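What follows is one structure encoded as C-alpha cells, with my remarks underneath.
The values are calculated or read from the model by the stated rules, or taken from the named source; none is laboratory data. Owing to the predicted nature of the structure, the values given are computational and were not obtained by experimental measurement. Cβ: placed from backbone, ideal geometry, glycine included. Neighbour counts: every protein chain shown.
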Amino acid sequence: MAKNLVIVESPAKAHTIEKYLGSDFKVLASVGHVRKDTKVDKNTFDVTYEIEEGHKKIIAELKKEVAKADKIWLATDEDREGESISWHLCEVLDLPKNTARITFHEITKPALDEAIKHPRTVDMNMVSSQQARQTLDMLVGYDLSDMVRRKVPGAISAGRVQSPALRLIVEREKEIEKFESKFTFKITGEFDHFNATYDGKVPEDEAKIKDLLAELSQADYKVTDVEEAEGTKATPTPFTTAALQIEANSKLGFSARTTMSAAQGLYQAGLITYHRTDSLNLSKQAVGAIAKYIESEFGKNYLKIRSFKTKDASAQEAHEAIRPTNVAAKSAGKNEYEKRLYQLIWARTVATQMAAAKVAKTTIKLSHDFTAKGEVVIFDGFLKVYGKSKDTELPKLKKGDAVECKELTAKQTFAKPPARYTEGSLVKKLEELGIGRPSTYATIMTAIQARNYVEKGESEGEKREIIELKAKYGKVSRTISEEKYGANKGRLMPTPIGELVAGFLTDNFKNIVDYKFTANIEKDLDLIADKKLERVKMLRDFYKPFRDTVLVANGVERYNNARLLGHHPENGLPIYAKVGKTGSFIQLGDNEKEAGEKPQFAPLPKRKSVKTVTLEQALKQLALPNLPRTLGKAPDGVELVAANGPFGPYLKGGKYNIPMKDLDPYTVSLKEALPLYQRKVDSIIADWGEIMIINGAYGPYVKGPGRRNNVKIPKEQDPKKLTEAEAREMLENKPKTSRKVRTTGSKTRRGKRGKRKTTKKK
C-alpha cells in the first residue's frame, strides 16, 4: 500500500507523474473540477456548489484512497484554476486545511522532487480571485444573457469577456465597410541585374503616366549615392501562452483551441513546461542546458545568453515561459498537432539564447529618383533554427557608375482595407488591451463562434482587373491583368446576429464592452490574489451599477436592424432585409399581425448582408422557387429533391440526406446533383435498413440508428464480408465514449445534476 496519495486533475498527468515518484506514491486524478457553482446570492455573493454527477464515483474512489494513505498531496495546476480545484478537493474529501499543496512548472523528476521538499497549503487568496472571476461571469451570464435573448433575435448569451472580443470584430468590419479603395500607380524599373523603385511624384492621370514612362525609359541613369551598413535581426522572446497562440495560428494555422489542446497534451506528458503563463522567464538550469546544446551543435559563436523580464506587473499565472523540458529532444508528441507545436516551441526556445543575425544592407540611389535596396545575411545566428530571411543582393556599384534601364513598369495598386482578425491577431489585440488571461483566450474564440456571433470566412477572394503600363526605350504598351482581392479565408467575420448583439450591448451596456473597464476588472482580480482587495467589495462595486443598467435596459424595445429596401414594382408591398433567429433574410410584406396576411420570405444572396443587399438583388431572391424543390429522377428511379435544413442545404434521394455544401438548393440542376447522389450510393457497401456499412472519408465504418452511432471497421477486416449480425455486434460492443472534460480553465460539464451539496463562500 502506498503511503502517499497525490491528487492531480488529469489522468494523463497522473500517469506521467507516477512514473517519476517511487513506489511509496500513488497518483490519482480528480478529472477536472469536482463541483460546479449553481447559484449565487446577489446580496451576500455566497456561492452554492453542486457535485458533478459524473464525479460521484471518482470522489468515492478518492475518499477510499484518502482513508488508506498516510499523507495527501494536492498537485493540481499552478494557476488560479488549479488552486481552486485543490480547495474544492479539500472541501469534498474533508481534508484538513494544512494538507500539503505542491506546484511545479514541468513534470520532470527533479521538478517533482523539489516540489515535494517545499510543500505549502492551499492559497486562499488565489482561490478567492478565481471565485470572484467565476461569480462575475455567472452574474453577467444570468442577467445579461437573459436580457440579450429577449431583446435580440437569434441571440443565445452574452459574456463578460467574450462581448468586448465580439465588439472588436464588429468594429473592424465597420472600418472595412467604410473603407474607400483608392488606387495609385507604382513605378518600378529593371536595371542591370537589379530592380529599383521610383520615389518621385506619380501623376493620377493615365495619359500623363504614359508620358512620364516614355520620358524615363529613354533617360540616362547614373549612381548618385551608395550607402552600406551592417544591421542585426533581434532574437525572439520566449513563448507566453498568448504568444504561442499567436505564432501557432500564424505559422501552423492552428486555432487557439487546437494550440491549447496540443500544448496540454505535451505538458501532461512531461515534454514542455506549464502552458498557461504570462512569464518570459527561463530558469537558470534551463538556460544552462540550452547554452550547452547550442555550443555543442552550432559552435560558441552562435551562443548569446539572455534573460527576459515580463513587462506586465500582473503576470503571475506561472514563473516560467513555455519551453521544452529536455532541449536535447528536437521532436516529441503523440500526434501530428503535438509534434508540430513542440517543434515550434523547441525552435523558439533555442533561438532566445542564440546570437542575433547580422545583415549587410545596401541602398543604391540613381538619377531621376530611383532607389534600390538590398539585404544579405552575413551571419545567420538564431535564423539557423527559427525564422527565415530572403537575400536581396545588389551588384557592386560606386557613385558615378552608369546603369542601363531595361524596362519600366507602372502597375495599378489598390489601397488595402484594414485586415480582419484571425484568431491569432485577435488574441494579440486582447492581450494588448489587458482583456482576459492566458487560460481564457481559447475559450473566448470558441464561445463567439459556437454562439453563431462570429464565423470564419471561406472566400479565396474575387478577381479584378488591373492596368499595367510597360515602357522600353520610349515605347509604352498597355495590358490588363487580373489579381485577387478581398480574401477572407480563416478570418473572423461577424454574423448578422453577432452585429446585433454587439450593437445592443454597445447601446445599453457600455461598461460590459468597454475595453478599459474589462481590463480594470482583470487588475482587480490580480489585487484579490495579492490580498490587496476584498472579494465581496469588488463584486459589490461591480454588481450594483450593473444591475441598475439591466433594469433600465429592460424597458428597451426589441432590438432589430431591419432595413427597408423599397417596394415591389408589381404589388407595391414593402421589401425588408432582416435578421431573425436563424440568420438574415428578405421579407416581402409587413408582419402578419400588422398586415393580416403572411409575408413571403427568401434568403439573402451569398456574401451579402442586411446592410449591403440591394432592392434589385432582393427581387431576384424573392423570385427563386420554393423549397423543397423536385429536380427529377436518378437513373435508378429515385426522386431527387433539393432542400434546406438546420444544418444547411442538402439533397434528398430516397432515404439518404446528402449535404450540398457547394451547391445552391434554389438553382442546382439535376445534372449537378446526380454525381453527388451517385457518390453516396457507391459509398454504401451494405444496407440492412437501420444498419449500413459505409465507405467514408476516413475508411469503412458501420452506421447504426440515430446520430453518431458509428463504429470504425478495423483494417484487418474486409467490410464486404461482414454480416448484419456481425455489424450489429460491433455496434453493441463499441468502446464507450464520454464527453470531453476540460481539466482546467472552465467548469466541467458532465451528465445531469447530482445530489446537491452546498458550500458557501463569503
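Just give me the residues in region 581-611 being in contact with a Gly (Cβ under 6 Å, 6 or more places away or on another chain) and at pLDDT below 85, in sequence order.
Step one: filter region 581-611 for residues in contact with a Gly (Cβ under 6 Å, 6 or more places away or on another chain), giving 581, 595, 599.
The answer is 581, 595.
List pairs: first residue in region 552-563 and under 19 Å from residue 587 (Cβ atoms), second residue at pLDDT 85 or above and not in a helix (DSSP H, G or I) anywhere in the structure, Cβ distance under 6 angstrom, at least six positions apart or on different chains.
559/152; 562/576; 562/578; 563/577
Residues of region 162-200 being under 30 Å from residue 451 (Cβ atoms) and either among the polar types (S, T, N, Q) or surrounded by 18 or more Cβ atoms within 10 Å (Cβ to Cβ) (or both), which ones?
Answer for region 162-200, where residues must be under 30 Å from residue 451 (Cβ atoms) and either among the polar types (S, T, N, Q) or surrounded by 18 or more Cβ atoms within 10 Å (Cβ to Cβ) (or both): 162, 163, 164, 165, 166, 167, 168, 169, 170, 172, 173.
Please state which of the following conditions residue 97 fails to meet, knowing it meets all the rest: (1) of a type outside the set (A, V, I, L, M); (2) more than 27 Å from residue 520 (Cα to Cα); (3) assigned by TED's automatic domain parsing to the domain that holds residue 24; (4) assigned to a helix (DSSP H, G or I).
Of (1) of a type outside the set (A, V, I, L, M); (2) more than 27 Å from residue 520 (Cα to Cα); (3) assigned by TED's automatic domain parsing to the domain that holds residue 24; (4) assigned to a helix (DSSP H, G or I), only one is false for residue 97: (4).
Would you confirm, using the coordinates I've provided, whether residue 532 is part of a loop (DSSP other than H, G, I, E, B) and of a type outside the set (Asp, Glu)?
Against the criterion (part of a loop (DSSP other than H, G, I, E, B) and of a type outside the set (Asp, Glu)), residue 532 qualifies.
Please indicate, with yes or no, whether at least one residue in region 588-610 is touching a residue at least 24 places away in the same chain (Cβ under 8 Å), more than 25 Å from residue 145 (Cα to Cα), surrounded by 13 or more Cβ atoms within 10 Å (Cβ to Cβ) and of a type in the set (A, V, I, L, M).
Taking every residue of region 588-610 in turn, at least one turns out to be touching a residue at least 24 places away in the same chain (Cβ under 8 Å), more than 25 Å from residue 145 (Cα to Cα), surrounded by 13 or more Cβ atoms within 10 Å (Cβ to Cβ) and of a type in the set (A, V, I, L, M).
For region 26-35, check the following and say yes or no: at least one residue is farther than 30 Å from residue 279 by Cβ and either assigned to a strand (DSSP E or B) or without any contact (Cβ under 8 Å) to a residue 40 or more places away in the chain (or both). Steps first, please.
To start, the set of residues in region 26-35 that are farther than 30 Å from residue 279 by Cβ comprises 26.
Okay, now just the ones that are also either assigned to a strand (DSSP E or B) or without any contact (Cβ under 8 Å) to a residue 40 or more places away in the chain (or both), so 26.
The answer is yes; a qualifying residue exists.
Output the residue which, of all residues in region 523-566 that are basic (Lys, Arg) and within 29 Å of residue 155 (Cα to Cα), is surrounded by the fewest Cβ atoms within 10 Å (Cβ to Cβ).
558
Return yes when residue 112 is over 20 Å from residue 531 (Cα atoms), in contact (Cβ under 8 Å) with a residue 60 or more places away in the chain, touching a Phe, Trp or Tyr at 6+ places or on another chain (Cβ under 7 Å) and not basic (Lys, Arg) and no when it is not. Before the answer, list the steps.
On the way: over 20 Å from residue 531 (Cα atoms): yes; in contact (Cβ under 8 Å) with a residue 60 or more places away in the chain: yes; touching a Phe, Trp or Tyr at 6+ places or on another chain (Cβ under 7 Å): yes; not basic (Lys, Arg): yes.
Spelling it out, residue 112 is indeed over 20 Å from residue 531 (Cα atoms), in contact (Cβ under 8 Å) with a residue 60 or more places away in the chain, touching a Phe, Trp or Tyr at 6+ places or on another chain (Cβ under 7 Å) and not basic (Lys, Arg).
Among residues belonging to region 593-642 that are among the small types (Gly, Ala, Ser) and in a loop (DSSP other than H, G, I, E, B), point out the one that is farthest from residue 496 (Cα to Cα).
Checking each candidate, the answer is 637.
Output the residues belonging to region 569-580 that are under 21 Å from residue 454 (Cα atoms) and touching a Gly at 6+ places or on another chain (Cβ under 7 Å).
579, 580
Please verify whether residue 57 is crowded, with 20+ Cβ neighbours inside 10 Å and assigned to a helix (DSSP H, G or I), treating the condition exactly as stated.
Working: crowded, with 20+ Cβ neighbours inside 10 Å: no; assigned to a helix (DSSP H, G or I): yes.
No: the conditions fail for residue 57.
From the list 551, 525, 539, which one is in a helix (DSSP H, G or I), at pLDDT below 90 and not β-branched (Val, Ile, Thr)?
551
Restricting to region 611-648, name every residue that is among the hydrophobic types (A, V, I, L, M, F, W, C), touching a residue at least 24 places away in the same chain (Cβ under 8 Å) and under 21 Å from residue 679 (Cβ atoms).
631, 634, 638, 640, 642
Where in region 153-257 are the strands (runs of 3 or more DSSP E), entirely inside, with at least 3 residues that are among the β-branched types (Val, Ile, Thr) and touching a residue at least 24 places away in the same chain (Cβ under 8 Å)?
It comes to 183-191, 221-233.
Does at least one position in region 602-620 carry a residue that is assigned by TED's automatic domain parsing to the domain that holds residue 703 and touching a helix residue (DSSP H, G or I) at 6+ places or on another chain (Cβ under 8 Å)?
no
Each row is one residue, and each column tells you yes or no for (1) in contact with a Lys or Arg (Cβ under 9 Å, 6 or more places away or on another chain); (2) under 27 Å from residue 428 (Cα atoms); (3) assigned to a loop (DSSP other than H, G, I, E, B); (4) modelled with pLDDT of 95 or more.
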site	(1), (2), (3), (4)
280	yes, yes, yes, no
285	no, no, no, no
292	no, no, no, yes
311	no, yes, yes, no
334	no, no, yes, no
338	no, yes, no, yes
341	no, yes, no, yes
344	yes, yes, no, yes
363	yes, no, no, yes
